[in-house]
Amino acid sequence: MLDSGHEATFLEGEELAQQKKDFQGYKDGLVRLNPGRWLFTSRFTKLANKLYNFQWKSSDVVVMTYPKCGTTWTQEIVWTMRNNANFDHPFAMEPPMDRAPFFECDMFLPEEIAPDSPFLKECPSFERWCPGADPKDGVYLQISAATPEPRTIKTHLSFSLLNPSLLDTAKVVYVARNPKDVFFSYLHHSRLLVDHGFVGTMEDFMKYYINGDCEILLILRFLS
């Protein structure tokens with residue numbers, strides 16, 4: 001049982017085989033969390049309690065969306081309003097995820113990341129804010145904790161997977177998008193990114209999408 005109260009069940013058998021056939025990026029398996037039927041990469045179980053018990057600050061702004069709902073645009077706007085009003089911030093040209101970290105991104109990364117990994121060289125905020133830290137403890141989780149205030153953090157997790165203190169402590173910018181638009185954007189996203197590697201048909205993806213079998217979340221529950 002996770003600290004959030006969810007029970008994790010790893011996919012196996014025919015269900016896992018079908019997922020790996022259509023989503024060739026899911027090499028390490030998937031896990032389903034109940035209640036809610038949330039679907040994640042298997043590594044999420046090793047991060048879940050740390051994410052749930054994360055210490056939010058009163059100055060935090062959390063950008064929360066279902067995937068492909070305008071998260072990156074929104075985090076850029078929010079970060080700029082809060083940190084770069086005069087367009088002269090020294091880190092303004094760095095990738096948005098280095099300035100407004102993707103909270104649960106570590107579940108998509110390899111569990112073993114060497115300190116001299118090329119990935120870390122392209123992630124300047126980890127070296128800047130987490131000197132000497134071990135990447136195995138979560139690159140983006142540690143960046144989220146160490147980023148100087150005011151922090152802007154983005155997430156695709158639902159409220160039930162985050163600490164209940166979030167809404168009492170920080171501000172949340174919740175972004176929703178027409179689910180029909182989300183479908184096509186998420187379909188292209190899942191085909192382009194090797195982390196997903198979707199090779200099935202549009203009809204196949206629609207079934208996954210409606211039934212809550214798309215990793216990260218169940219769209220109908222997320223919007224309810």
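The values are calculated or read from the model by the stated rules, or taken from the named source; none is laboratory data. Treat the numbers as computed from the prediction; the structure is a model and nothing was measured. Heads up, the Cβs are rebuilt from the backbone with ideal geometry, glycines too, and the neighbour counts pull from every protein chain shown.
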Self-check item: Tally of residues being at pLDDT 95 or above and of a type in the set (D, E, K, R) across segment 105-153
Solution: 2
Exercise. From the list H188, H196, pick out the single residue that is in contact with a strand residue (DSSP E or B) (Cβ under 7 Å, 6 or more places away or on another chain) and either farther than 20 Å from S58 by Cβ or free of Cβ contacts under 8 Å to residues at least 24 places away in the same chain (or both).
Key: H196
Exercise. Output the residue which, of all residues in segment 162-188 that are assigned to a helix (DSSP H, G or I) and among the charged types (D, E, K, R), is farthest from N211 (Cα to Cα).
Key: D168
Quiz item: In segment 40-94, how many residues are under 13 Å from the mean Cα position of the chain (by Cα), among the β-branched types (V, I, T), within 22 Å of V173 (Cα to Cα) and not in a helix (DSSP H, G or I)?
Solution: 3
Quiz prompt | Among residues of segment 74-89, those that are within 14 Å of R151 (Cα to Cα) and without any contact (Cβ under 8 Å) to a residue 40 or more places away in the chain, counted | solution = 5
Quiz item: Between a first residue in segment 126-139 that is touching a residue at least 12 places away in the same chain (Cβ under 8 Å) and a second residue that is surrounded by fewer than 15 Cβ atoms within 10 Å (Cβ to Cβ) and acidic (D, E), which pairs have beta carbons less than 7 Å apart while being 6 or more apart in sequence or on different chains?
Solution: K136/E111; K136/E112
Self-check item: Single match in E122, E112 (criterion: closer than 26 Å to V63 by Cβ, more than 17 Å from the chain's Cα centre (by Cα) and surrounded by fewer than 16 Cβ atoms within 10 Å (Cβ to Cβ))
Solution: E122
Quiz item: Are there any pairs, at least 6 apart or on different chains, whose C-beta atoms fall under 9 Å, with the first in segment 11-25 and assigned by TED's automatic domain parsing to the domain that holds F44 and free of Cβ contacts under 8 Å to residues at least 60 places away in the same chain and the second surrounded by fewer than 17 Cβ atoms within 10 Å (Cβ to Cβ) and of a type in the set (S, T, Y), and if so, which?
Solution: none
